[in-house]
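Participant: The structure follows.
The values are calculated or read from the model by the stated rules, or taken from the named source; none is laboratory data. None of these values were measured; they are calculated from a predicted model. With ideal geometry, Cβ positions are generated from the backbone for all residues, glycine too; neighbour counts draw on all protein chains shown.
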Amino acid sequence: MALSVGEFERIFKELYKPLCLFALRFTENIDDAEDIVQQVFADVWEKNRAQVAIVHLKSYLYQAVRNRSLTLLSQAVESEPASEALAEIEDLSEEEQIYQSERDARLWEAIDRLPPERKKIFLMAKRDGMKYQEIADELHLSVKTVENQISKALKTLRETAIRIYCFFFS
């Protein structure tokens with residue numbers, strides 16, 4: 001049975017981020033990862049329009065993203081970081097890779113829900129590796145304010161991590 005536009009949109013919204021994070025584990029490039037995921041969804045939509053049934057859609061999507069990512073890697077010039085990442089990825093089962101991608105997507109969604117200033121401070125510290133003093137200087141805040149905002153962000157994310165753990169292992 002073919003998917004309706006609404007069902008397809010729901011699946012796209014639900015799986016786009018996790019699939020991008022999954023592809024990113026292979027490609028190490030967000031643009032490549034997004035291109036791969038978008039192409040896989042376009043292919044699935046074409047199959048859907050042609051009335052080709054995909055029984056286990058989620059598994060199919062992850063496998064298609066994995067295959068396209070590996071194809072991209074094999075076509076790329078051999079580089080040390082990509083081959084190291086590939087060796088590390090291959091050590092994980094497909095189920096573990098999917099779990100990690102979905103977990104990462106949920107954590108990024110939690111980060112996105114942080115109040116804007118707290119999110120900015122948190123990302124400057126954790127993603128960009130800036131020291132608290134550097135953040136304080138750049139944003140014209142006290143170091144204590146930066147510490148408090150990071151602490152509050154971590155508390156929120158810990159609570160989210162516990163909910164994620166309970167979701168996957170209940």
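Matching residues to (1) surrounded by 13 or more Cβ atoms within 10 Å (Cβ to Cβ); (2) touching a residue at least 40 places away in the same chain (Cβ under 8 Å):
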{"site": "11", "(1), (2)": "yes, yes"}
{"site": "29", "(1), (2)": "yes, no"}
{"site": "33", "(1), (2)": "yes, no"}
{"site": "36", "(1), (2)": "yes, no"}
{"site": "49", "(1), (2)": "no, yes"}
{"site": "53", "(1), (2)": "no, yes"}
{"site": "58", "(1), (2)": "yes, yes"}
{"site": "64", "(1), (2)": "yes, no"}
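Participant: Okay, next question. Tell me, yes or no, whether region 23-40 has at least one residue that is over 17 Å from residue 75 (Cα atoms), at pLDDT below 90 and not β-branched (Val, Ile, Thr).
Facilitator: Scanning region 23-40, I find no residue that is over 17 Å from residue 75 (Cα atoms), at pLDDT below 90 and not β-branched (Val, Ile, Thr), so the answer is no.
Participant: Within region 30-78, which residues are closer than 19 Å to residue 2 by Cα, among the small types (Gly, Ala, Ser) and outside any helix (DSSP H, G or I)?
Facilitator: Hits for region 30-78 are 50, 53.
Participant: Out of region 74-119, which residues are at pLDDT 80 or above, loosely packed, with under 15 Cβ neighbours inside 10 Å, over 17 Å from the mean Cα position of the chain (by Cα) and of a type outside the set (Asp, Glu)?
Facilitator: Those that are at pLDDT 80 or above, loosely packed, with under 15 Cβ neighbours inside 10 Å, over 17 Å from the mean Cα position of the chain (by Cα) and of a type outside the set (Asp, Glu): 115, 116.
Participant: Go through region 104-142 and give me each residue that's within 17 Å of residue 155 (Cβ to Cβ) and in a loop (DSSP other than H, G, I, E, B).
Facilitator: Matches in region 104-142: 113, 114, 115.
Participant: Here's another thing I want to ask about it. Can you name the residue in region 13-27 that is among the charged types (D, E, K, R) and buried (at least 16 other Cβ atoms within 10 Å of the Cβ) and, of all such residues, is nearest to residue 108 (Cα to Cα)?
Facilitator: Step by step, filter region 13-27, then rank; the result is 17.
Matching residues to (1) farther than 20 Å from residue 17 by Cα; (2) surrounded by 12 or more Cβ atoms within 10 Å (Cβ to Cβ):
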{"site": "127", "(1), (2)": "no, no"}
{"site": "131", "(1), (2)": "yes, yes"}
{"site": "135", "(1), (2)": "yes, yes"}
{"site": "140", "(1), (2)": "yes, no"}
{"site": "145", "(1), (2)": "yes, yes"}
{"site": "156", "(1), (2)": "yes, yes"}
